[in-house]
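Asker: Pasting a structure below so you can have a look.
The values are calculated or read from the model by the stated rules, or taken from the named source; none is laboratory data. The shown structure was predicted, so the numbers you read here are calculated from the model rather than taken from an experiment. Glycine also receives a Cβ, built like all others from the backbone with ideal geometry; neighbour counts cover every protein chain displayed. For the accessible areas, the whole protein counts, side chains as well, though only heavy atoms, and no ligand, DNA or RNA atoms are used. Shrake-Rupley method; radii C 1.70, N 1.55, O 1.52, S 1.80 Å.
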Amino acid sequence: MSVMTKTMESGRVMIGVTDIMRKMGIGRDKAYELIKSKQFYTIKLGTRYLVHEDVFEDWMKGRL
């Protein structure tokens with residue numbers, strides 16, 4: 001699935017802490033711990049941490 005298709009379906013390509021919590025079934029503290037572990041590339045905009053959905057999905061599948 002291309003990024004353009006994914007963007008049109010979900011309306012975005014970047015996901016935040018709440019999305020990570022939902023996808024993994026973990027709490028907020030664990031989600032922030034994971035983001036700060038630098039196991040995948042994230043960006044920080046103000047106080048929000050964001051990760052590209054494809055990067056996160058690849059990490060979850062062990063492709064990173």
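Asker: Might you let me know whether the range 4-24 holds any residue that is at pLDDT 90 or above and loosely packed, with under 10 Cβ neighbours inside 10 Å?
Answerer: No - not one qualifying residue is present in the range 4-24.
Asker: Please go through the range 33-43 and give me each residue that is open to solvent by 70 Å² or more (accessible area, probe 1.4 Å) and either assigned to a loop (DSSP other than H, G, I, E, B) or modelled with pLDDT of 95 or more (or both), ordered by number.
Answerer: GLU33, LYS38, GLN39, TYR41, listed by residue number.
Asker: Something else now. What's the number of the only condition in (1) surrounded by 10 or more Cβ atoms within 10 Å (Cβ to Cβ); (2) modelled with pLDDT under 95 that GLY62 fails to meet?
Answerer: (1)
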